[in-house]
Amino acid sequence: RRRRRRGRHRRPAPSVTGFAVSLGSNLPDAVGDSPAILADAVARLAAADGVRVVAVSSLYRTAPVGGVEQPDFFNAVVVGETTLGAEDLLALCQAVEAAHHRTREVRWGPRTLDIDVLAFGDELSEDPALTLPHPRAHERAFVLVPWAEADADAHLVGRGRVADLVDAVGTDGVRIADLPWPARHEGGRRG
C-alpha cells in the first residue's frame, strides 16, 4: 500500500503522441544533393527537444506528381513520438524546411525540402494550416510505400491500414533509391 505525502504534488508526465511525417526533395542546396538534405532533415528532427524518432523508411526515388516538369524526387517517411503539440511539430518541420531554404513559389513544383505532417496520433483537424490527417496522403504512393515500410502497423485515421492503402494505389513510379542512406533509424537507434 502506498502512502501519499502531503504537500507534494507530482507533476503529470507530458503526454506522448505518435506521429508520421513525409520528407521529399528534388533540388540541391548548400548541404548537398537531395539524399544529403533528407538525411540532415532526419537528424534535425531526431535532435529536437520533445521528439523521438522511432523509425525511418528507406530512401525512395519517385516520379513527380502535379504536372510540373521537374527532376525525380527522393522521399522518406519518419515515424516517431513527441511531447510537442501538433502545431509545434508543424513549426519544427517548417523550421527544418527553412534551414534548407525552402520556398513555395510553384504548387507541387521542385523544392529543396518538403516536410508534411501525415498523422498526429488520432487527431482530426480541418484547419487549413494543419489538416489532419494529411488530406492527400491516402492517394500518394510516394507517401504510403515508405510509410508502410517504416511502420507496418500504421493506420491512417478514417482511411484504414496504410499497407492496405498501398495495395489500393499501387507502387508505380516509386522505387528504392540505390544510394547510401545513413538516416535509417529503428527503435531510436541508427541502423
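Values quoted throughout were computed directly from the atomic coordinates according to the rules given, and no laboratory measurement underlies them. This one's a predicted model, so the numbers in the text were calculated from it and none came from an experiment. Neighbour counts run over all protein chains shown; Cβ positions are idealised from the backbone, glycine included.
Applying both filters, DSSP loop and at most 11 other Cβ atoms within 10 Å, to the GluC sites (Glu not before Pro) of region 114-152 gives E126. Protection proxy ranking, highest mean first, for peptides 93-99, 57-63, 158-164, 142-148: 142-148, 57-63, 93-99, 158-164, where packing is the per-residue count of other beta-carbon atoms within 10 Å, averaged.
Taking all pairs of distinct Cα atoms, average 1/r, flip it, and tell me the Kirkwood hydrodynamic radius of region 16-122 in Å to one decimal place. After inverting the pairwise mean of 1/r, the radius is 13.9 Å. Protection proxy ranking for 33-44, 167-178, using the average of other Cβ atoms within 10 Å per residue and placing the highest first: 33-44, 167-178.
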